[in-house]
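See structure below.
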Amino acid sequence: MGLGEDYCERLYLTGLLHDVGKIGVRDAVLSKPGALTDEEFEEIKEHPDKGWAILQDLNPLSYVLPSVLHHHENYDGRGYPDNLAGEDIPLDGRILAVADAYDAMTSDRPYRSGMPHEKAEAILRNGAGSQWDAEGIDAFFRAMPDILHIKETYAPRTPPQRKKPQSV
């Protein structure tokens, strides 16, 4: 999409934080093995606002707020939380919507196994211009060789152990 390295670094951090609002969603809903009730789905739909509330006072991270809030807006205006449409959706939110959807479709969940790449690709291409920004979909698939390479070679890092101070 012609975005610079600094922009992409900020977008990467935004991607790491975009679902922080799920902290405010009950575990029983997040890990439910079956279909969600309407009430449970309404609870899930609150996570963008909850994420915004968690992060909004952290001034050095203010750039993440538009995507945290708007990564579930649909290009046709049928998303949430604000029913934004088209280019009224911040660019970061439009980009993350595509990446988040692909990740959700291809990852295992408590209620289903991840779908094959080809099926997720067909769903994304079919939703280009309605659910997702068509330009974002095109860019995503231009980057797909790199995405698949990262996905195939990814190994979670082992977090360092904190050294506790010795007792006095």
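Out of the chymotrypsin sites (Phe, Trp or Tyr not before Pro) in segment 33-119, which ones are loop residues according to DSSP with at most 13 other C-beta atoms within 10 Å?
Taking segment 33-119 and a limit of 13 other Cβ atoms within 10 Å, the loop chymotrypsin sites (Phe, Trp or Tyr not before Pro) found are TYR111.
Calculate for the chain the 222 nm mean residue ellipticity that helices alone would give, adding -39,500 (n - 2.57) per DSSP H run of length 4 or more and normalising by residue count, nearest 500 deg cm²/dmol.
It lands at -14500 deg cm²/dmol.
Where the convex hull is taken over the Cα atoms of segment 25-168, what is its projected area averaged over directions, in nm²?
Computed as one quarter of the Cα hull surface, the answer is 12.3 nm².
Under 15 Å Cα-Cα from LYS45, which aspartates and glutamates qualify once same-chain neighbours fewer than 8 residues away are excluded?
Excluding near neighbours in sequence, the set is ASP19, ASP27, GLU73, ASP82, ASP100.
ARG109's amide H: which non-local residues (gap 5+, or another chain) put their own amide H closer than 5 Å, with H modeled 1.01 Å from N in plane and none for Pro or chain starts?
Those qualifying (amide H under 5 Å, at least 5 residues apart or on another chain) are GLY114.
Just going by the charge dipole of the chain, with Lys and Arg at +1 and Asp and Glu at -1 on Cβ, which of ILE89, TYR111, SER167 is farthest out on the positive end?
The residue sitting most towards the positive pole is SER167.
I need to check one value: relative contact order of the chain, counting alpha carbon pairs closer than 8 Å and at least 6 residues apart, in percent.
Dividing the mean separation by the residue count of the chain yields 18 percent.
How do the peptides 121-129, 15-23 rank, highest first, by the average count of neighbouring beta carbon atoms within 10 Å per residue?
15-23, 121-129
How would segment 109-163 be classified by its alpha-carbon gyration tensor: rounded, prolate or oblate, with rounded meaning a/c under 1.5 and the a/b versus b/c comparison settling the rest?
prolate
Taking LYS163 as the anchor, which lysines have their alpha carbon closer than 30 Å to its alpha carbon, excluding any fewer than eight residues away along the same chain?
LYS22
All of the numbers you see were taken from the coordinates with simple rules; none came from a lab. Computed from a predicted structure; not experimentally measured. So basically every Cβ, Gly included, is an ideal-geometry build from the backbone, and we count neighbours across all protein chains shown.
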